Amino acid sequence: EAQVTQNPRYLITVTGKKLTVTCSQNMNHEYMSWYRQDPGLGLRQIYYSMNVEVTDKGDVPEGYKVSRKEKRNFPLILESPSPNQTSLYFCASSRYRGGETQYFGPGTRLLVL
Amino acid sequence: AQSVTQLGSHVSVSEGALVLLRCNYSSSVPPYLFWYVQYPNQGLQLLLKYTSAATLVKGINGFEAEFKKSETSFHLTKPSAHMSDAAEYFCAVWGSREYGNKLVFGAGTILRVKS
């Protein structure tokens, strides 16, 4: 089944404790992206990757890191989480950048205390 | 900055009534336009997509949307609401340079369906 998977689905952590949210897709998509969803703001892009070893900042990259060492994986790293990073996070992928349909993972709900 | 505006953060309709969710975008160039739906505790899934082939786009679950260039609108409609349509709906635009070569989302509209 074609899908985007994320882990964990739920995470509670404390300020400053490094964490990684994994994202994997099995559709051989070149383009992958991370979004955060906050009430009343819709989805905002954090980082994206056009292919292996090619990543770039989205609209809200501060406090986040990403890497793309393999085509299928695109982890999101919070090196020193803060309470303002409490949010719902989505990973998405598409064949290419541009007007392609993006396929979304199920989301990771993060609470930073 | 370019933007996508969804009028009404919450819309409530009775079962069987018309659903109308509004979306306007700020662009002079017809972009790619999308409607995504998010059911509770799930990720987003594509409802429909406009790619300039036809101004009236039919999607899944009986939804359709009409692209109106003169109004820069892409409103989503369904003739008869069903309880299972209760969800949050997002309009999104991909408009190359004007939108920074990325997908830009509206703030979302929560649809409530009353029995």
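The values are calculated or read from the model by the stated rules, or taken from the named source; none is laboratory data. Note that the structure is a prediction, hence the values are computed from the model and not measured. Every residue, glycine as well, gets a Cβ built from its backbone with ideal geometry; the counts of neighbours run over all protein chains shown. The area values use the complete protein model at the heavy-atom level, side chains included, leaving out ligands, DNA and RNA. Shrake-Rupley method; radii C 1.70, N 1.55, O 1.52, S 1.80 Å.
Values computed for the structure shown
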read-out: Residue within region A:39-62 that is over 24 Å from B:Val93 (Cα atoms), in a strand (DSSP E or B) and open to solvent by 20 Å² or more (accessible area, probe 1.4 Å) present; value: no
read-out: Criterion violated by B:Lys69 - all others in (1) surrounded by 16 or more Cβ atoms within 10 Å (Cβ to Cβ); (2) out of contact with any strand residue (DSSP E or B) (no Cβ under 9 Å at 6 or more places or on another chain) satisfied; value: (1)
read-out: Region B:49-86: number of residues that are farther than 19 Å from B:Leu7 by Cα and of a type in the set (A, V, I, L, M); value: 6
read-out: Restricting region B:10-47 to residues that are within 9 Å of another protein chain (Cβ to nearest Cβ) and in contact with a Pro (Cβ under 9 Å, 6 or more places away or on another chain), the residue that is nearest to B:Phe90 (Cα to Cα); value: B:Gly43
read-out: Flag if B:Leu7 is within 13 Å of chain A (Cβ to nearest Cβ), out of contact with any Leu (no Cβ under 6 Å at 6 or more places or on another chain) and either exposed (fewer than 13 other Cβ atoms within 10 Å of the Cβ) or on the phi < 0 side of the Ramachandran plot (or both); value: no
read-out: Positions within region A:19-37 being open to solvent by 20 Å² or more (accessible area, probe 1.4 Å) and either more than 19 Å from A:Arg9 (Cα to Cα) or not in a loop (DSSP other than H, G, I, E, B) (or both), in sequence order; value: A:Thr20, A:Thr22, A:Ser24, A:Met27, A:Asn28, A:Glu30, A:Arg36, A:Gln37
read-out: Those residues of region B:12-55 which are more than 13 Å from the chain's Cα centre (by Cα) and part of a strand (DSSP E or B), in sequence order; value: B:Ser12, B:Val13, B:Ser14
read-out: Residue tally, condition within 23 Å of B:Gly8 (Cβ to Cβ) and more than 8 Å from chain B (Cβ to nearest Cβ), over region A:37-54; value: 3
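Conditions tested, residue by residue: (1) over 25 Å from B:Cys23 (Cβ atoms); (2) in contact with a Phe, Trp or Tyr (Cβ under 9 Å, 6 or more places away or on another chain); (3) open to solvent by 50 Å² or more (accessible area, probe 1.4 Å); (4) more than 10 Å from every other protein chain (Cβ to nearest Cβ).
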| position | (1), (2), (3), (4) |
| --- | --- |
| A:Thr13 | yes, no, no, yes |
| A:Gln85 | yes, yes, no, yes |
| A:Arg97 | no, yes, yes, no |
| A:Gln102 | no, yes, no, no |
